[in-house]
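The values are calculated or read from the model by the stated rules, or taken from the named source; none is laboratory data. What you see is a predicted model, and the numbers here were worked out from it, not measured in a lab. Backbone-built Cβ (ideal geometry, glycine too); neighbour counts: all protein chains shown. Ligands, DNA and RNA are excluded from the accessible area calculation, which covers all protein heavy atoms including side chains. Shrake-Rupley method; radii C 1.70, N 1.55, O 1.52, S 1.80 Å.
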Amino acid sequence: MSTVFFAEQHTTHAWWQRIRPRLTILYLAVALVLLLISGAGHLRLFNEIGKVFGGFTWTIDAASPNEPIVIISTPDQLPPFAIPVSSLTSNTHISAVNHVSGVAGIQQAYQHAHPQDIIIYTAQGNKTVPMTITRPAYLFTWNLWWQTFGLTFLAGLSWLIVGIVLLATASEWTGAVEGLTLLPPAMLLLLYSHWGNIQTATTPDFVVQMIWIPSFALLGAAFIHLSLTYRPIAMTTGRRPSWLVDGLPYAPLLLLMAYDWISLLSSGYVPIRTNIELSLGYAVFGGVVSLGIGIASILQILGIWPLHKRTSEGRISITIPRRIRHHLGDLLTLWIGGIGLGFCFGVLPILLTGQTLLPLSLFYILAAVYPLILLYAIRSLRLIARLHVTLDQREAALQEQQKTAQVLQKTNEELQQATSLLLHADAHLRSLLSQRIHDQPKQQALRIRSLLGYWQHKLRLEMERNADGKVVAPPIIEALSKVRKISEELERDLRGLQLLVEDAYQRRSLGLKLHLEKLIREDLPLLHTESLLEIQPDLWALDALNPELEQSEEGEKIAEAISYTVTQALLNIYNHAGASYATVRTVCRDNILSVEIADDGHGFDVTAIPPEKTSIFKADLKVRAAHGTLHLESTPRPNPHHGTIIRLEIPLPPGAQIATPKQIQDHKEQQYT
């Protein structure tokens, strides 16, 4: 419920989903054991119903001489007793009953008395003189059991059930702590049935000495544990169990348990007063520490106490999310209020006077109702927290959608720009082709037509002038020679136009490698007879390709990208670079085919390429269509190592079937033979 970092939320929940069923089963097992122990104590009390007693519950102080009697509580329905309940301010014991000392006196008096018979009690404190007090006998009824012990069982059962519900429905470890910390109050209330006698004298049993009294200390540790869990810095991220937060508050209990066991094994009993003082003392200490941590957390939530976190880079300030502030504010108010009321109306009066400020029956009813209120509040806060998490997730998803929309908008703008450039490139190419067709092939065809018409008319006139109608051969030979020369020029112009648009027909007919070799060695030199450019091809890596590669759609894109890029790069070198030497190298490594075209020309500024340079733009589009990348580097003169390098890298698909070096060598030998 307190996780705000969604990247680790799934991991936290996955871990908790595995551990929660086991922890719930363990909690249920402990609850069952507590109910069985509590039931055994109540069965002992049921045997006392209908018997006469002095109107108060009592126990035997085995640590004092003659095992004097200590008063524990007086039911609210009966008149108060003049002898005060044992507390920090009162250590008064009953030394004799009906002038018979010790346990024997109280048992004999109760066993032979009837209701309203006067019983004489002799009491003495550590620093007071003996005093004699009379009090009538009463009958221990079901109503007295209910008001004294039944309500405590009901309250303990309420705390136990609420703890199980909170644990079983917890969405992370913080919720588990909320459920686990309800166990100590449940133990105190459920096991109260073992504390105190009605008529039969029994010393405090193992449950009272080793479980019930130490539960006060366990309650103080639970207060500290819960307060540490509710710190803002712990609630801002989902957390797992840690020694510092989940183990350290319970460490002092080990010392207390060690003292109890040593006393039990050495003396056969644990000094009740010392045990209670130690346990209640740690309970008070835990309540005070918990209250201090809670107040500090509230100050941090209000921004009065800045919250910092130490990192390797130093101390950084932490901003508490708004939903965490509201959530913690409600929880801390609820828990601090409960701790304060319980301490003021329960623990503190017991320490000072041995009684609560409120009547015990009312205190037990409030103790039974409070966990139900707590359950409702925590469940409501969990639902609100989940709602906040859902809203945060939706907000994050909305922000992600907005980012995606921005990316899509940017991509759309780039696509529109690319489309505009492509349309511009297409229009420029069509304009260039139209101009080239008009200036060269069309003019050459017009010259052929004019020349043929001229010689046709001239030969007709010669035939008319000659009586026998014969025409001499030299004029015809001269005309055919001119026509042939013009036809050769026309063929060269058409070949240039084919290269301008990438001769796909020749590539499909010859294959990629032979097409490039013919382009480099024949087509381009014939088109630029006046150029002194020398091109050194190294195309052996293309032998590693499957000859059937171009039969697939993906292979066709790869071949078209390579052929078009090489053709346009070499045309630019011939027409614009002013280079004397160029190389075309192919390398195939790790299933990636690399083609590099380099020259020693005058170079240019790569960032200043105008949009009308359609060849580079189209080459980049074709390489991208083949899932490759195109790199352009150029160093202008007069810098050293001037020239231009165009490198394209294309990953080959599995269908390319890269050949081994031995297969490439065999292929070379077959070509040479």
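I need the calculated FRET efficiency for the pair Ile133 and Trp243, taking r as the beta carbon distance and R₀ as 45 Å, to the nearest 0.05. Mind showing how you got there, number by number?
Working: r = 53 Å, r/R0 = 1.18.
My answer for the efficiency is 0.25.
For the stretch 502-606, with all protein chains present and a 1.4 Å probe, just round the carbon and sulfur fraction of the accessible area to a whole percent.
49 percent
Put Phe216, Phe604 in order of accessible area, largest first, 1.4 Å probe: what do you get?
Details: Phe216 40, Phe604 75 Å².
Of Phe216, Phe604, the descending order of accessible area is Phe604, Phe216.
What Rg and what Dmax come out for the stretch 20-102 when only alpha-carbon atoms are used, in angstroms?
Rg, Dmax (Cα atoms, Å): 18.2, 60.
Have a look at Met187, Ala176, Ala201 and report the one farthest towards the positive end of the charge dipole of the stretch 163-275, computed about the Cα centre with Cβ charges (Lys/Arg +1, Asp/Glu -1).
Of Met187, Ala176, Ala201, it is Ala176.
Seen from all sides and averaged, what is the projected area of the convex hull of the Cα atoms in the stretch 213-257, in nm²?
For the Cα atoms of the stretch 213-257, the hull's average projected area reads 3.1 nm².
Considering only protein heavy atoms, what is the solvent-accessible area of Thr635 at a probe of 1.4 Å, reported in Å² to the nearest 10?
It works out to around 50 Å².
Assign unit charges at the C-beta atoms only (+1 for Lys and Arg, -1 for Asp and Glu), then state the dipole size of the stretch 16-155 relative to its Cα centre in Debye, rounded to the nearest 20.
In debye, rounded to 20, the stretch 16-155 gives about 600.
Working with all protein chains in place, sort Ile295, Ile133 by solvent-accessible area computed with a 1.4 Å probe, largest first. Let's see the in-between values first.
Working: Ile295 85, Ile133 25 Å².
I get Ile295, Ile133, largest accessible area first.
What accessible surface, in Å², does a 1.4 Å probe find on Leu398, ignoring ligands, DNA and RNA and rounding to the nearest 10?
90 Å²
In nm², what is the average projected area of the convex hull enclosing the Cα atoms of the stretch 53-206?
That works out to 10.8 nm², a quarter of the Cα hull's surface.
Just to verify a number: what accessible area does Glu596 come out at with the full protein assembly present, 1.4 Å probe, Å² rounded to tens?
We get 40 Å² for Glu596.
With a Förster radius of 25 Å, plug the Cβ-Cβ distance of Ile365 and Leu78 into 1/(1 + (r/R0)^6) and report the FRET value to the nearest 0.05.
Calculated value: 0.85.
Working with all protein chains in place, sort Phe140, Phe206, Phe363 by solvent-accessible area computed with a 1.4 Å probe, largest first.
Order by accessible area, largest first: Phe206, Phe363, Phe140.
Once every Cα of the stretch 174-279 carries one equal point scatterer and solvent is ignored, give the base-10 log of I(q)/I(0) from the Debye formula at q = 0.10, 0.12, 0.16, 0.20 Å⁻¹, two decimals.
-0.36, -0.49, -0.76, -1.02
Over the stretch 176-286, give the accessible area per residue in Å² for a 1.4 Å probe, as an integer.
For the stretch 176-286, the per-residue accessible area is 35 Å².
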